[in-house]
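J.: Please read through the structure below; I'll follow up with questions.
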Amino acid sequence: MSAGSTAKITIVSGSSRLEGRVHAVVALAADTAASAGAAVEVVALHELCLPVMIYGDRSQNDLPAVQSIRRSAAWADGFIICTPEYHGNMSGCLKNWFDFLYEELAGKFAGVLAVTGGGGGDMSITAVKTSFAWCHGFTLPYHVAARAPDFDVDGNLVNNLVADRIRRVAYDVVRYAPVLRSTFEAARTLGPGVQAGVAGAHT
């Protein structure tokens, strides 16, 4: 980042549970991003109780929870998105978060984290990256999956190698997100022509 600039990072906790290992991963990512100099906002989906998105239902736009996630997404330069892996996919509440967003994610940058009980995490990570890409966002090629043996009985992350990878993701999101967002916004000023690339679809 250039001197005097501050990355704005929204961290999305994609768990619908009040307890769970996801929260330990999210806390570490948030602390690391803040230590790297970012302004950090955590969106805890288990607290928001977003309704299931109904396509075309404009009345949902007025709901406080919907307005909250759209505001935090529009504010952010970048995201760290963490999901539990359910049936080889991201959580339903995280997919629902995506369903309410589009323009707010375009041209933004994200790092992806997963927490899994038995799988490897690759399927849920790929699902999150795919959804982010379909919103014309960009994702870090490096990612992390924390598995059940990486936590103690109280849900604390005790695998230092996994913790190190989470910190690397956080530092890279803070590092690259403002650069990508400013470049995308500059391209948007070129208008809808092909010279603007994908940013031209968002003028």
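J.: From the set of residues in segment 18-50 that are touching a residue at least 40 places away in the same chain (Cβ under 8 Å) and assigned to a loop (DSSP other than H, G, I, E, B), which is surrounded by the fewest Cβ atoms within 10 Å (Cβ to Cβ)?
T.: Top of the filtered list is GLU19.
J.: Considering each residue of segment 1-17, count those that are open to solvent by 10 Å² or more (accessible area, probe 1.4 Å), in contact with a helix residue (DSSP H, G or I) (Cβ under 9 Å, 6 or more places away or on another chain) and not hydrophobic (A, V, I, L, M, F, W, C), and give that number.
T.: 6
J.: When the residues of segment 1-17 are narrowed to those that are aliphatic (A, V, I, L, M) and assigned to a loop (DSSP other than H, G, I, E, B), which ends up nearest to ASP77 (Cα to Cα)?
T.: Of everything passing the filter in segment 1-17, ALA7 is nearest to ASP77 (Cα to Cα).
J.: Among the residues of segment 107-123, write down those that are in a loop (DSSP other than H, G, I, E, B) and either farther than 16 Å from VAL22 by Cβ or hydrophobic (A, V, I, L, M, F, W, C) (or both).
T.: Result: GLY107, LYS108, GLY120.
J.: Within segment 110-119, is even one residue of a type in the set (Val, Ile, Thr) and under 11 Å from the mean Cα position of the chain (by Cα)?
T.: yes
J.: Take the residues of segment 130-160 that are in contact with a Ser or Thr (Cβ under 8 Å, 6 or more places away or on another chain) and more than 20 Å from TRP75 (Cα to Cα): which is most open to solvent (accessible area, probe 1.4 Å)?
T.: Among those that are in contact with a Ser or Thr (Cβ under 8 Å, 6 or more places away or on another chain) and more than 20 Å from TRP75 (Cα to Cα), it is ARG147.
J.: State the number of residues belonging to segment 64-88 that are of a type outside the set (Gly, Ala, Ser) and more than 20 Å from ALA148 (Cα to Cα).
T.: Adding up the residues that qualify gives 10.
J.: Could I ask something else about it? Here's a check for you: in segment 120-129, which residue that is open to solvent by less than 10 Å² (accessible area, probe 1.4 Å) and more than 12 Å from the chain's Cα centre (by Cα) is nearest to HIS46 (Cα to Cα)?
T.: Once the filter is applied, the top-ranked residue is SER124.
The values are calculated or read from the model by the stated rules, or taken from the named source; none is laboratory data. Here the structure is a predicted model, which is why all the values come from computation and not from measurement. Cβ atoms come from the backbone with ideal geometry, glycine included; neighbour counts cover every protein chain shown. With ligands, DNA and RNA removed, areas are computed over all heavy atoms of the protein, side chains included. Shrake-Rupley method; radii C 1.70, N 1.55, O 1.52, S 1.80 Å.
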